[in-house]
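Worksheet: one structure, shown below.
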Amino acid sequence: MEHAKEEDQLTRTLEEHTVDPRLDLAIERTTLALERTQLAWVRTVIGFITSGFAIDKGTAVLHEARLVSGVAWARNGHFAGLLLTITATALMILVTIFYFRRIGQLNRMREFREIQPAPTTLLSIFVCVVGGITIYFLNIKW
């Protein structure tokens, strides 16, 4: 009787440490879905940053023409472009932080695997840097 209990406990211990292939596949699917979502955010934020820059430069030209004619409402015409660029960069920073956290949770579930950074991570950080540089250049006078 004592021997059967020991075998049963040994079997349970082995089953707990054996990785279920379904769990491994679910983690892999979730990781790939997170990468696709992050790349979609990167694409969207790049569009927002580009739009913000275009709006800023377009309104600057229109604003100069209005200043010359004397019908300008304010002295600064690039608020909308700057706001769009700042919002897009802040959004990319937040989305990247959430992506890091979720990938970290999934990597902890795969405790026996080596953690390697995805190219998506580097691209997200690069877009954040580009957004910061764009904000800087929109704030200086040319």
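The values are calculated or read from the model by the stated rules, or taken from the named source; none is laboratory data. Just so it is clear, the model here is predicted, and its values are computed rather than measured. Here the Cβ positions follow ideal geometry from the backbone for every residue, glycine too, while neighbour counts run over all protein chains shown.
Quick notes on this one:
- Matching residues, region 76-99, being in contact with a His (Cβ under 9 Å, 6 or more places away or on another chain) and surrounded by 14 or more Cβ atoms within 10 Å (Cβ to Cβ): GLY77, HIS78
- When every residue of region 60-80 is checked against the conditions, at least one turns out to be assigned to a helix (DSSP H, G or I) and at pLDDT 80 or above.
- Against the numbered list (1) at pLDDT below 65; (2) assigned to a helix (DSSP H, G or I), VAL19 comes up short only at (2).
- Test: residue in region 34-42 that is of a type in the set (A, V, I, L, M), at pLDDT below 80, closer than 30 Å to THR120 by Cβ and in contact with a Phe, Trp or Tyr (Cβ under 8 Å, 6 or more places away or on another chain): no
- Residue match in region 84-99 (condition: farther than 26 Å from GLN38 by Cα and either under 13 Å from the mean Cα position of the chain (by Cα) or at pLDDT below 90 (or both)): no
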